[in-house]
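**Q** Supplied in structure tokens, the structure appears directly below.
The values are calculated or read from the model by the stated rules, or taken from the named source; none is laboratory data. Quick caveat: nothing in here was measured; it's all calculated off a predicted structure. No Cβ is skipped: glycine too gets one built from the backbone with ideal geometry, and neighbour counts run over all protein chains shown. Protein only, heavy atoms only, side chains kept; ligands, DNA and RNA dropped before computing areas. Shrake-Rupley method; radii C 1.70, N 1.55, O 1.52, S 1.80 Å.
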Amino acid sequence: MSSYAGSCLCGRVRYEFDIEPKVTVACHCSACRKATGSAFATWTLVTKDHFHWTAGEDEIAEFSSSDHGRRMFCRTCGTTLGNLTTRRPAFMHLASGTLDRAPALTIKFHAYVGSKAPWYEIADSSPRFDELPDSK
Ligand SMILES: [Zn+2]
Ligand SMILES: [Zn+2]
């Protein structure tokens, strides 16, 4: 069994989980671009039952970026930590870049490529979808 762990930039917020993630995806939607300040966001889906904050849970602030989604970030350093959506309520959508230990992580597909930043070219051969594919 692999064990995964991560934290925000300042280290106040920490988490762990001990299950293989369901999937890791790159999201090119405009909301993810704005929220992360990057060309795209990478999200690792972990069953909430197996995901644990191990420090700093009271440091986590939230922003509702849509009628179904809440984005979570560290109050102190601003690091994007993850998001929760009522469309997939069983999963924490963890910001993959916050992982310190990620033994077997690969991006399975690119979502919302139809909204991709025009100045970024996808360089890998993972499948690409204009929006979100039906079977996530
Ligand atoms: Zn922080
Ligand atoms: Zn997105």
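**Q** Quick check, is Ala31 more than 13 Å from Leu94 (Cα to Cα) and part of a helix (DSSP H, G or I)?
**A** Working: more than 13 Å from Leu94 (Cα to Cα): yes; part of a helix (DSSP H, G or I): yes.
For Ala31, the condition - more than 13 Å from Leu94 (Cα to Cα) and part of a helix (DSSP H, G or I) - is met.
**Q** How many of the residues in segment 14-28 are of a type outside the set (Lys, Arg), assigned to a loop (DSSP other than H, G, I, E, B) and touching a Lys or Arg at 6+ places or on another chain (Cβ under 9 Å)? Before the answer, list the steps.
**A** Going through segment 14-28, the residues of a type outside the set (Lys, Arg) turn out to be 15-21, 23-28.
If we keep only those that are assigned to a loop (DSSP other than H, G, I, E, B) too, we end up with 18-21, 28.
Keeping just the survivors that are touching a Lys or Arg at 6+ places or on another chain (Cβ under 9 Å) gives 28.
Number satisfying all stated conditions: 1.
**Q** A further question follows. Which one is farthest from ligand 1 (Cβ to nearest atom) among residues in segment 4-42 that are open to solvent by 50 Å² or more (accessible area, probe 1.4 Å) and over 25 Å from Ser126 (Cα atoms)?
**A** This residue is Asp18.
**Q** Taking segment 5-46 on its own, how many of its residues are away from ligand 2 (no atom under 11 Å from the Cβ) and not hydroxyl-bearing (Ser, Thr, Tyr)?
**A** Matching residues across segment 5-46 total 21.
**Q** Give segment 108-129 a look and list any residue that's modelled with pLDDT under 95 and either among the acidic types (Asp, Glu) or open to solvent by less than 50 Å² (accessible area, probe 1.4 Å) (or both), or say none.
**A** Residue satisfying the conditions is Asp124 alone.
**Q** Ok, one more. Within segment 43-62, can you find the residues that are within 16 Å of ligand 1 (Cβ to nearest atom) and of a type in the set (Asp, Glu)? Even if it seems obvious, please write down each step before you answer.
**A** Here is the first cut: in segment 43-62, the ones within 16 Å of ligand 1 (Cβ to nearest atom) are 53-62.
Result: Glu57, Asp58, Glu59, Glu62.
**Q** Here's something else I'd like to know. Quickly run through segment 113-136 and pick out the residues that are of a type in the set (D, E, K, R) and either over 21 Å from Arg87 (Cα atoms) or not in a loop (DSSP other than H, G, I, E, B) (or both).
**A** Lys116, Glu121, Asp124, Arg128
**Q** Restricting to segment 43-99, name every residue that is part of a loop (DSSP other than H, G, I, E, B), open to solvent by 50 Å² or more (accessible area, probe 1.4 Å) and of a type in the set (Val, Ile, Thr).
**A** Thr76, Thr86
**Q** Looking at segment 47-64, is at least one residue hydrophobic (A, V, I, L, M, F, W, C) and either within 12 Å of ligand 2 (Cβ to nearest atom) or in contact (Cβ under 8 Å) with a residue 60 or more places away in the chain (or both)? Break it down into steps so the answer makes sense when it comes.
**A** Of segment 47-64, the ones hydrophobic (A, V, I, L, M, F, W, C) are 51, 53, 55, 60-61, 63.
Those still in the list that are either within 12 Å of ligand 2 (Cβ to nearest atom) or in contact (Cβ under 8 Å) with a residue 60 or more places away in the chain (or both) too: none.
No, the conditions are met nowhere in segment 47-64.
**Q** Within segment 79-88, track down each residue that is out of contact with any Leu (no Cβ under 8 Å at 6 or more places or on another chain) and either at pLDDT below 95 or within 16 Å of ligand 1 (Cβ to nearest atom) (or both).
**A** Filtering segment 79-88 down to residues out of contact with any Leu (no Cβ under 8 Å at 6 or more places or on another chain) leaves 80, 83-87.
Passing the criteria: Thr80, Thr85, Thr86, Arg87.
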